[in-house]
Amino acid sequence: MQPRRPGYLASDITPLIGRAADVTEGVRLLGETRLLTVMGPPGVGKSRVGAQIARLSGRRFPDGVWQIELSSVPAGSCPAPHIASALGLGEGSPGARDTEVGRVVSALRGQRALLLLDTCEHVVDGVALLAESLLRRAPRVRVLATSRRPLNVPGERLLAVPPLSLPDPEPPIRQGRAARAGDPGLSGMSAPAVQLFAERAAAADPGFALTPGVLPVVTAICRRLDGVPLAIELAAARLRSLSVQELLEWLAEPFEVLSGSRSMLSRHRDMRSAIEWSHALCDPERRDLWAALSALDAPFDLEAVESVWSPVAAGPAAGPLAGLVDESVVLREPGESGVLYRLPYLHAEFARRAGGALPHIVPSPRPGADVRVAASALTRSDLAVPAPEPAPEPPSADAAAAALSPRELQVAVLITKGMTNREIAVQLGIAKRTVDAHVRNILTKGSLASRTQVASWVAVQRQCVDV
Ligand SMILES: Nc1ncnc2c1ncn2[C@@H]1O[C@H](COP(=O)(O)OP(=O)(O)OP(=O)(O)O)[C@@H](O)[C@H]1O
Ligand SMILES: [Mg+2]
C-alpha cells in the first residue's frame, strides 16, 4: 500500500529569524547524505530549521515531503505505527514491531520522498531501526530527523543548531540613559536573538520599541537565556505586564517567568517542562554530573569538570560528560587552549532547583560567584539524590519509569511478555550480556527482587507502552 497523499508539510506561522547559514548547510548536507539529524538543546529551533530545510529541498522529492511529529509517541516505544498512520496507511494488524517497520518501508520503497521525523530523542532506538531499514530497502527515500540526541545509525550526518547569535561585544547596562552612537551595544540591534525578542515583545506589548535605550537590557536578557529562542519567546511574552528592566530582574527566578504559553506542545508551555524532557531521558550518572556542573561558571574546561565530579564518583568524568554533550545538555565550544564546555544558565538553574542533588557541593547562588567544593570525601552511594519532579509527556507516565533509559524500558516491557534475556537479546539485536546488564539496572532502579516484580511494576507504570 502506498501513501494516500503526496506528503504533508505545515506552514510556518512566524518568520524564521537568523538561520540562513544553518538552513543552507542543512540543504547542502541533505543533498549529500540520506540521513540527516538536526541536533541541539531544548527549544533552540531544531524543528523550525528542519522544516525550512525540508521546504527548500522539496523539489528534489517529487513523491512528497512528509513531516511527522513524534512527541506523542510514548518514550522508548516503536514509532512505526504512528508513522504508518501519518502516511495514511491505515491500521496494521497487531503484531511485532518489524511488521510495522516493514509496512512503512514497503509503502515508501520506490518513492522519491523525504521523511521529516520531528522530535526523535525519546524514541531514538525505534527511529534508528526504521531509518536503517529505509536506507537499506528504500534507496530513493531520505530521512531528516530532529532530535536532542543523535540516532547513531551508519551513514548519519549531524547538523548542530546553535543558539541564536547574541550581540558582541557585551554592552554594559546603563539604566536611565539612552545609549549614544559609538556605544558598543548599538550594533546589537541586528543580532538574531535581539531581533526575535523585539518581534515577540512587540506582539505582547504594542508600545514596545527596540530603542538604543532598551537595547542593553534586552541584550542582557537574551544573554541570560543563552540565545535560546523558546526561552526568548516565553520571556518576551511577559512584557504584557512587566517592563524590560523588571523582566531582567525576574530572571533570577527563571522558571516563574518563563511559563504561561499556549503552545500546542506541552513541553513548550514553560521552560521547566522543556528541560525536564531532557532530564528524564538522562541516566542517573548523567543527571548526577548535570547537578555537579551546575556549580561551575560557564564556560569551563575538563579540569573544572573533574574538580566537581571526583569527590562524588569513582570513575573519570569524561564518559558522562560525553553523554551530556550527546544529549545536547552540555554545549561544546572552542577555547584558546582546547575545548570548553557550557551548561546553559537555565539547565544550571533547573539542577539547582531540583534540590541540590549533590549536597557536598554548594552551588553558587548566581553564575559569577565562586564554586565551593567541600573537602569531605563522600562517595556517590552516600548521596541522597532526590527523585526528579514529574516529567512532562515523553518519558510519559512517572518519574520512576522515566529513570529507565529508553533501552531499559524496552527490555522491561519485553520481560513483561515473559521473554528470557536470550530471547530479548535476539529481539533487540543486542548481546545477551548487554541485556543482563540492563536487567540488573532495572532491578536496582525499581528496588525489585525478581523478574515477576518487574512485570507487575511495568504493567502498572507503563500500560501505554507497546513495543
Ligand atoms: N529562528 C527562529 N525564528 C523565529 N522563531 C523561532 C526560531 N527558532 C525557534 N523559534 C521559535 O522558538 C520556539 C522553539 O522552536 P522549535 O520548536 O523549533 O525548537 P526545538 O529545538 O525543536 O525544540 P524541542 O527541543 O523542544 O523539540 C518555537 O515557538 C519557534 O517558532
Ligand atoms: Mg522540536
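The label point for residue 242 and the one for residue 303, both projected 7 Å from the Cα toward the Cβ, are 3.8 nm apart. Computed extension length for residue 318-residue 436: 40.0 nm, one decimal, from 0.36 nm per residue of separation with the Cα-Cα distance subtracted.
Using the Kirkwood radius over C-alpha pairs as Rh, can you work out the diffusion coefficient of region 266-359 via Stokes-Einstein at 25 °C, viscosity 0.890 mPa s, in µm² per second? So the translational diffusion coefficient is about 183 µm²/s. Taking amide H as placed 1.01 Å from N in the peptide plane, the amide H of residue 141 sits under 5 Å from that of 113, each at least 5 places away or on another chain. Taking amide H positions as modeled 1.01 Å from N, with prolines and chain starts lacking one, the residues under 5 Å from residue 66 and 5 or more places away or on another chain are 8, 114, 115, 116. Computed extension gain for residue 261 through residue 60, at 0.36 nm per residue and net of the alpha carbon distance, reaches 68.7 nm.
Peptides 111-119, 83-91 ranked from most to least packed, by the mean per-residue count of other Cβ atoms within 10 Å: 111-119, 83-91.
When 156, 253, 100 are sorted by how many other C-beta atoms sit within 10 angstrom of their C-beta, beginning with the fewest, the order is 253, 156, 100. With a cut-off of 13 Å on the backbone N, the residues of region 287-301 near the modelled label site 7 Å out from residue 337 along Cα-Cβ are 301.
Rg and Dmax of region 20-160, based on Cα coordinates, read 13.8, 45 Å. Applying 1/(1 + (r/R0)^6) with r as the Cβ-Cβ distance of residue 252 and residue 189 and R0 = 30 angstrom yields a FRET efficiency of 0.70.
Coordinate-derived values only; no laboratory data. It should be emphasised that the depicted structure is a prediction, and the values quoted were computed from it without experimental measurement. Note that each Cβ is placed from the backbone with ideal geometry, even for glycine, and that neighbours are counted across all protein chains shown.
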